[in-house]
Amino acid sequence: MRITCSALLALGLFGHALAAPPEPPPNLIPIDARLVTAGQPSAEWLATLAQQGFEAVIYLAPPTVGDAVRDEPLIVGRQGLIWANLPIRFDRPADADYEAFAALLGSLRGKKLLVHCQVNMRASTLTFLYRVIAEKVDPHKAWESVAAVWSPQGPWKALMLERLRRQGIAFDPF
């Protein structure tokens, strides 16, 4: 009896070895070797974080949003990674949200870190602010990672401009 590769694939015998890697999340933006922002990853992609060298995840959307991965804390935790959720309402970001994010990100710097939300709007904007305010990165350079995703509007624009103004940083990309 002759068995072909296609027959073995149909039986699922080679399927695991030939499986394609999971699709990366939307708006995946590598900031540097240790910091990446993104939209909502799939459960399958989250399960590969340790293999990719990640050590921690900050999730910025409420875990009740429609596209949240319900088991994300378990998927991440099973890999020995740190998982933190800072649930920020998209329609009402607050100064306290930035302060909490800055403290959390600062405590995890040095680790390979994924900061994500649903689309990478919260993540890109807060990461931009942290890089410019805390790390003194040139705002024009840091802005590139936000502009690749969106142009903050409404309360996000107001939060960003106010935080920069209070720090004496004259930058307005709008």
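The values are calculated or read from the model by the stated rules, or taken from the named source; none is laboratory data. Everything numeric in this text was worked out from a predicted model, so none of it was measured. Each accessible area value is taken on the protein alone, full model and side chains, heavy atoms only, with ligands, DNA and RNA left out. Shrake-Rupley method; radii C 1.70, N 1.55, O 1.52, S 1.80 Å.
Relative contact order for the stretch 20-62: what is it in percent, counting Cα pairs under 8 Å that are at least 6 residues apart? Intermediate values should be presented prior to the final figure.
Details: 31 pairs, mean separation 13.3, N = 43.
That works out to 31 percent.
Using a 1.4 angstrom probe on the protein heavy atoms only, could you order K136, K141 from most to least accessible area?
Details: K136 150, K141 115 Å².
Largest accessible area first, the residues go K136, K141.
Might you tell me the accessible area per residue for the chain, computed with a 1.4 Å probe and given in Å²?
Heavy-atom accessible area per residue stands at 52 Å².
What accessible area, in Å² to the nearest ten, does a 1.4 Å probe give for E99?
90 Å²
Pairs of alpha-carbon atoms within less than 8 angstrom and 6+ residues apart define the contacts here; what relative contact order does the chain have, in percent?
Answer for the chain is 23 percent.
Could you please state how large a percent of the accessible area of the chain is carbon and sulfur, counting protein chains only and using a 1.4 Å probe?
57 percent
Tell me, how many Å apart are the Cα centres for the stretch 138-174 and for the stretch 53-123?
Cα centres, the stretch 138-174 to the stretch 53-123: 20 Å.
Taking Rh as the Kirkwood radius, which is the inverse of the mean 1/r over Cα pairs, what is the Rg/Rh value for the chain?
Computed over Cα atoms, the ratio is 1.09.
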